[in-house]
1. Could you report the accessible area of Asp118 in Å², rounded to 10, computed with a 1.4 Å probe on the protein chains as they sit in the structure?
2. Using a 1.4 Å probe on the protein heavy atoms, what percent of the accessible area of region 30-82 belongs to carbon and sulfur?
3. Provide the net charge surrounding Gln81, with neighbours chosen by a C-beta distance below 14 Å and charges set as Lys +1, Arg +1, Asp -1, Glu -1.
4. Roughly how far apart, in whole Å, are the Cα centres of region 65-143 and region 1-33?
5. DSSP loop (so not H, G, I, E, B), at most 14 other Cβ within 10 Å: list which chymotrypsin sites (Phe, Trp or Tyr not before Pro) in region 99-132 pass both filters.
6. Per DSSP helix of 4 or more residues, -39500 (n - 2.57); summed, then divided by the residues of the chain. What does that give at 222 nm, rounded to the nearest 500?
7. Determine the shape class of the chain: with a ≥ b ≥ c the square roots of the Cα gyration tensor eigenvalues, call it rounded for a/c under 1.5, and otherwise prolate if a/b is greater than b/c, oblate otherwise.
8. Once you mark the trypsin sites (Lys or Arg not before Pro) that are in a DSSP loop and have at most 16 other Cβ atoms within 10 Å, what is the longest gap between them in the chain?
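The values are calculated or read from the model by the stated rules, or taken from the named source; none is laboratory data. From a predicted model like this one, the values you see are computed outputs, not experimental measurements. Glycine gets a Cβ as well: all are built from the backbone with ideal geometry, and neighbour counts include every protein chain shown. The area values use the complete protein model at the heavy-atom level, side chains included, leaving out ligands, DNA and RNA. Shrake-Rupley method; radii C 1.70, N 1.55, O 1.52, S 1.80 Å.
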Amino acid sequence: MSSLRLAYYELSPELLQGFRLVKQGLEKSVLGLPLIELIYLRVSQINGCSFCLNMHTKALREREESDRRLAELAGWRVSAQFSEREKAALEWAEALTYVVDSHADDAAYLPLKAHFSDQEISDLTFAIALMNGMNRLAVGMRQ
């Protein structure tokens, strides 16, 4: 196991507070915490952030998420455990996480319009951006 490179949360508390404010705002989102936590977990799976994987798996279990859905999250495209709404959100999460390859193309964006309001799409995009940022801090600093 790697040791912490820098205690970024102590060195840059004001900057981290900005991330916390976004998180607090998302907790009030009409998207709902179960979907937001599912997105956080999927993004963390892609980015390989073990700290975040543990945190968001625990949060989902506390919200009584099934073990089957947690186990099948990485294979959501071929799983019958996820609704079309969740699949649209997961597709967008992956498109933004892999933005260098996907360029957030219309094939990933347009299905959102069938399941989410513009406000929800905006909130979802903030949730994805936040988790990608947090993952990069945690992985980069070896949290």
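1. 100
2. 52
3. Working: positive: Arg42, Arg68, Arg69, Arg77, Arg85, Lys87; negative: Glu65, Asp67, Glu72, Glu84, Glu86.
Neighbourhood net charge equals +1.
4. A separation of 18 Å, based on Cα centres.
5. Working: sites: Tyr109, Phe116, Phe126; in loops: Phe116.
For chymotrypsin sites (Phe, Trp or Tyr not before Pro) across region 99-132 that sit outside H, G, I, E and B with at most 14 neighbouring Cβ atoms in 10 Å, the list is empty.
6. Working: 9 runs with 98 residues, N = 143.
When only DSSP H runs of four or more count, the value is -20500 deg cm²/dmol.
7. Numbers: a/c = 1.61, a/b = 1.41, b/c = 1.14.
Prolate shape, in that a/c is at least 1.5 and a/b is the bigger ratio.
8. On the way: sites that count: Arg5, Lys28, Arg63, Arg142.
Between the exposed loop sites, the longest stretch runs 64-141.
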